[in-house]
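Beneath this line is the structure, given in structure tokens, with notes to follow.
Read-outs: derived from the displayed coordinates by stated rules, not from any lab. These figures come from a predicted structure and were not determined experimentally. No Cβ is skipped: glycine too gets one built from the backbone with ideal geometry, and neighbour counts run over all protein chains shown.
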Amino acid sequence: MPWSFDYLIVGAGFAGLTAAEQLCTQSGKRCLVVEKRDHIGGNAYDRHDDHGVLIHCYGPHYFRTNSPRIREYLSQFTEWHPVDYTILSHTGNRYWKFPINLNTFEQIIGRNSTSEEMEAWLAEKRVPIDNPANSEELIISQVGWELYEKFFKGYTLKQWKRHPKDLDASVCGRIPIRTNRDDRYLREEFQALPKAGYTRMFEKMVAACEGRLKVLLKTDYREILPHVGYGHIIHTGPIDEYFGHCYGRLPYRSLRFENESFTPEQLIEREPVSGKAGFWQPAMQVNYPNEEQFTRIVEIKHATGQLCGNSTIVREYPDDFGPGKEAYYPIPAPDAAAIYQKYKQRADGETAVSFIGRLATYHYYNMDQVVGMALAEVGRLEPNSSQR
């Protein structure tokens, strides 16, 4: 065999590269990472486009965590640019503060208000449901039908191509509802982006492996299996694909992105809408929950803090998953969970393969959770390693 490694790692995203870095640097193992795309970083890959704007190529990746350990681990490879992620929702021909908070309520009633008045208003609107069984029940039990239909129903239908009542409560439950003026999109204590971008952070993780790591891009791992020696596989791709779809294909949602860039002169003309020099829209993300085919427009320069005269927006269109398309989101619904359980039972019986990451465990994890999962799996595989 021309190559021999301790670990064969499928996928060069957060899960795969975290596992590879730890195995190489803390356990002295030799690892081969095989990636079907032409770059490392998975869906968190970012780059400068033709207009000089740093963009997130596969949709916005808003890093956040409450884990000091994960923050300290990644801080070895990047400095951070702190961000308070704030978004808006555009419906009824106006921008609304979102997630729902006291500022949103004041927009609805057209005057200043208080948290107490908002809470009383919500108490009248809420539908009493003790144990919400799906996303529709969860939201109407929190804010009632009016706000559910204004902000949630249409967005969810577009995003998942399923009615909210057919999706787990966790889908809409990720979005906070507040009665104060906290209009941050996310709850976590630490919210920031890698200062030089995700790709640069991943490059430093690879460099830290100092010759113990080999990365193959534009490669299907199945094609090289007969030509590589390895002791253990760490698989971060779709679990149903690994098992040859023997129990059927798991449902996923895909995405399509439409980029549009603007010169400084065009952005000046846009200032009455954006309210801020150098930007096309008034927030880094604007949701479009109703008539439009896209679900959101992202102008990531708001979050990256990049000093660039140009700006680029990305319209995000949900798409059916199929041949030639990327699997972005596992669908959190009972029928999908039933299929996954069959694959999980089989995966649990695999002693020479580990399954980590969003696609391999068919679960919508945040980036910090994926990093934590990879660190934990390395600790299980190499219990004598000195994890850092």
Cysteines without a disulfide-compatible neighbour (Cβ-Cβ under 4.7 Å), the chain: C31, C57, C172, C246, C308
Rounded to the nearest 10 degrees, the helix 367-381 long axis (Cα) sits at an angle to the longest Cα principal axis of the chain of 30
Report, to the nearest 10°, how far helix 115-125 tilts away from the longest principal axis of the Cα atoms in the chain, using its own Cα long axis and a range of 0 to 90°. 90
So, with points 7 Å from each Cα along the Cβ direction, the E271-C308 label distance in nm works out to 2.2
Does a label point 7 Å from the Cα of K342, set along Cα-to-beta-carbon, have any residues of the stretch 214-252 with amide nitrogen under 17 Å, and which are they? 239-252
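Please state the equivalent ellipsoid semi-axes for the stretch 100-173: what are the square roots of 5 times the Cα gyration tensor eigenvalues, largest first, in whole Å?
Details: eigenvalues 114, 41, 13 Å².
Three semi-axes, in Å: 24, 14, 8.
Which of I108, I9 comes first, and how do the rest follow, when ranked by fewest Cβ neighbours within 10 Å? Please report the intermediate quantities before stating the final value.
Values: I108 15, I9 30.
With the sparsest Cβ surroundings first, the list reads I108, I9.
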Which order results if T312, T114 are arranged by neighbouring Cβ count within 10 Å, fewest first? T114, T312
GNM of the chain, Cα pairs under 10 angstrom: of R346, R256, R181, the biggest fluctuation goes to R346
Which entries of K36/K325; K29/K218; K153/K276; K158/K342 show an alpha-carbon separation above 19 angstrom in the structure shown? K29/K218; K153/K276; K158/K342
Setting aside same-chain residues fewer than 8 positions from K125, which aspartates and glutamates have a Cα under 20 Å from its Cα? E106, E116, E117, E136, E137, E146, E149
Of [x] 72, 50, 39; [y] 69, 51, 50; [z] 58, 48, 34, which one was derived for Cα extents along the principal axes in Å from the structure shown? [x]
Here the relative contact order (percent) of the stretch 100-173, from C-alpha pairs under 8 Å and at least 6 apart, is 29
Cα lying deepest toward the dipole's positive end in the chain, options Q107, P330, Y230, charges on Cβ: Y230
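Checking the table K165/K301; K97/K165; K161/K214; K161/K204 against a 30 Å threshold on Cα-Cα, which pairs fail?
Details: K165/K301 35 Å; K97/K165 25 Å; K161/K214 40 Å; K161/K204 39 Å.
Pairs exceeding the cut-off: K165/K301; K161/K214; K161/K204.
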The chain: angle of helix 14-27 to the longest principal axis, Cα-based, in degrees nearest 10: 40
If you average the C-alpha positions of the stretch 105-151 and of the stretch 212-229 separately, how far apart do those two centres end up, in angstrom? 52
Please get the size of the charge dipole for the chain, origin at its Cα centre, with Cβ charges of +1 on Lys and Arg and -1 on Asp and Glu, quoted in debye to the nearest 20. 540
